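Q: Take a look at this one; I'll ask things after.
Nothing in this text is a laboratory measurement; each read-out follows from the coordinates by a stated rule. Quantities reported herein were computed from a predicted structural model and do not represent experimental measurements. Positions of Cβ are generated from backbone atoms using ideal geometry, with glycine treated the same way; all protein chains shown enter the neighbour counts.
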Amino acid sequence: MDEIVYSLVIPVLNAAETLDETYSRADATMSSTGKKFEIIFVDDGSTDASWSTLSRLQKAHPDKVTAIALSRNFGQHNATLCGFGFAKGEYIITMDDDLQTPPEEILKLIAHHTEYETALVYGYYAKKQHSVIRNTGSSMLKKAGKMLAKNPGEGSSFRLIEKALVERILTHVQNFVFIDELLLWYTSDIGFVEVQHEKSHKKSASSYSSRKLFGLAANIMIYYSSLPLRIMIWGGFLSSIVSFLFGLYFLVRKFMHMAMHGYTSIIVAILFSTSIIVFSIGILGEYLNRLYMVQNRKPSFHIKRILK
């Protein structure tokens, strides 16, 4: 019996209207490779008819489709991580459920990997068909990651990953998972190929609102970088220098000009130093909260039902 070569993992959230087309186009594309494949759908707490649609697809194609339902919404990356645990293929391909990246573009990922044999291949977009606000938020997030985490800054949810790399990621147990940062921990052998980006076929609004993008950025900084702590260190150092210079200024003024100190300078100094202390305590509190969740092994996801 032939071994599965490609596992296509698709996290699903309220995508009932696109799932049939997603499956049919993905099936046709993967079949054209001549290799054995599987398609794993992970329903991330959808509130529409997504699960009933996935159940129907799995029943009609039991040899190709695995359908997994999570008990609630855990987020795109956590749902993708769940799908990784069921992938049997030598190579794992991930894509979204909204057809913004046409399934036919999978062949570009495969062709690039065949030619260059990189452990990880990202599809990147010359121009995204998102709203201005969404594009701006995504761009800022990628630029920040490129500058602070020293990552390529061209990552996307459309990728091809070698099985060995996926197996390393599965060892991580923290409740917040950002797959791209984990991938970059383990490899720099990365390829990029330009792919097409279309408007979403889903009628519902994107699950990544401005608030969620901001929350994602905050979690990435706290879980995967020491930037906030470095800000505290340098902020405290600079504030100490400023406070020392202010104190020296008023001391010289007092002895040289016999000037009386007023309340303004004292109050400003107190408020300035107190605000820095409170801000720093808040950052430490966020780190302690994350450590608490990791220590108590809060799960990345919880599976409600599996059809395979």
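Q: Do any trypsin sites (Lys or Arg not before Pro) in the stretch 9-72 lie in a DSSP loop with no more than 11 other beta carbon atoms within 10 Å, and if so, which? Mind showing how you got there, number by number?
A: Details: sites: Arg25, Lys35, Lys36, Arg56, Lys59, Lys64, Arg72; in loops: Lys35, Lys36, Lys64, Arg72.
Listed in order of number, the matching sites are Arg72.
Q: Calculate the spin-label point distance for Thr187 paired with Ile306, positioning each point 7 Å from the Cα along the beta-carbon direction, and give it in nanometres.
A: In this crude spin-label approximation the distance works out to 2.5 nm.
Q: Filter the GluC sites (Glu not before Pro) in the stretch 1-88 down to the DSSP loop ones having no more than 14 other Cβ atoms within 10 Å, then list what survives.
A: Hits after loop and neighbour filter: Glu3.
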